[in-house]
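Worksheet: one structure, shown below.
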Protein chains: 2
Amino acid sequence: MALIEPFDDAYFMKKALMEAETAFDLGEIPVGAVITVNNTIIARAHNLTERLNDVTAHAEMQAITAAANYLGGKYLTDCTLYVTLEPCQMCGGALYWSQLSRIVYAAADPNRGYKNLGTQLHPKTQVTSGILETEASALLKRFFIQRRNLN
Amino acid sequence: MALIEPFDDAYFMKKALMEAETAFDLGEIPVGAVITVNNTIIARAHNLTERLNDVTAHAEMQAITAAANYLGGKYLTDCTLYVTLEPCQMCGGALYWSQLSRIVYAAADPNRGYKNLGTQLHPKTQVTSGILETEASALLKRFFIQRRNLN
């Protein structure tokens, strides 16, 4: 009998989605992230660009800073980032410097995402996409519909 | 008789170079930045990636955060960034989000700079390069020679 693996990508992406929901409740574009090492979460963050008045306060940037702080070193070579939206150029560039082992993202961002813009990731970084994509996209759509109706 | 303009690009780049020298003295890769509005400096920063154990602590990132904090808004549409080294993908991406008016950099960075890596800046952002390039490059070279000799 095969054991069920409790800590799969969907498990951690759900945690990132919970962060995105917190951002939603704050009126922030709902993007959330967690960073893990050996199936343990060492950083959680959500987008705070409005609250902090700071374009650099994306979920990924805060998670990178928090994870490095936890580890006591700036390189995240054994870490996996789970994020509900494809990272942008800025976050892709930060992930390059961090030498992160793996990126898992939910929804794609064809216009602002690192992929179509050709941002260079670290050669050691592996990428998985589409995990809980439907849930992450639905939350983003709900946010933008609500914001349109408020304006 | 023409008046001499005291606040030209070289004037502010010298201030950015002073920041880079502070980084040098701390054992940080010597890159410095200032952000101005109407010829007034509203943010100064230097690279602190080692001190803060944080790959996101580039001079530009800190300057963007500080300038937005000073202005009380996250967009830097009327601001000029002076930085001693060509911004990387991460910083280029952050500058994109900030909608900065103008970037002035000293030394080019053909391998890690935003230009050769094709990072997209905001369409409204103008770029000037090569201001005090010799001084900025000399400081960087001095740093790397010193570091090589210490190891």
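The values are calculated or read from the model by the stated rules, or taken from the named source; none is laboratory data. Quick caveat: nothing in here was measured; it's all calculated off a predicted structure. FYI the Cβ positions are ideal-geometry reconstructions off the backbone, even for glycines, and counts take in every protein chain you see.
Among the residues of the range A:63-84, which ones are free of Cβ contacts under 8 Å to residues at least 60 places away in the same chain and either among the basic types (Lys, Arg) or within 21 Å of A:ALA23 (Cα to Cα) (or both)? Listed by number, the residues that qualify are A:ALA63, A:ILE64, A:THR65, A:ALA66, A:ALA67, A:LYS74, A:LEU81. When the range B:94-130 is filtered for residues that are in contact with an Asp or Glu (Cβ under 6 Å, 6 or more places away or on another chain), of a type outside the set (Gly, Ala, Ser) and closer than 12 Å to B:LEU81 by Cβ, the ones remaining, listed by number, are B:VAL104, B:TYR105.
Kindly indicate whether any position in the range A:119-139 is in a helix (DSSP H, G or I) and crowded, with 19+ Cβ neighbours inside 10 Å. Checked against the condition, which is being in a helix (DSSP H, G or I) and crowded, with 19+ Cβ neighbours inside 10 Å, the range A:119-139 yields at least one hit. Within the span defined as the range B:134-150, every residue fails to be within 9 Å of chain A (Cβ to nearest Cβ) and at pLDDT 95 or above. The set of residues in the range A:64-109 that are facing chain B (nearest Cβ under 10 Å) and basic (Lys, Arg) contains only A:LYS74.
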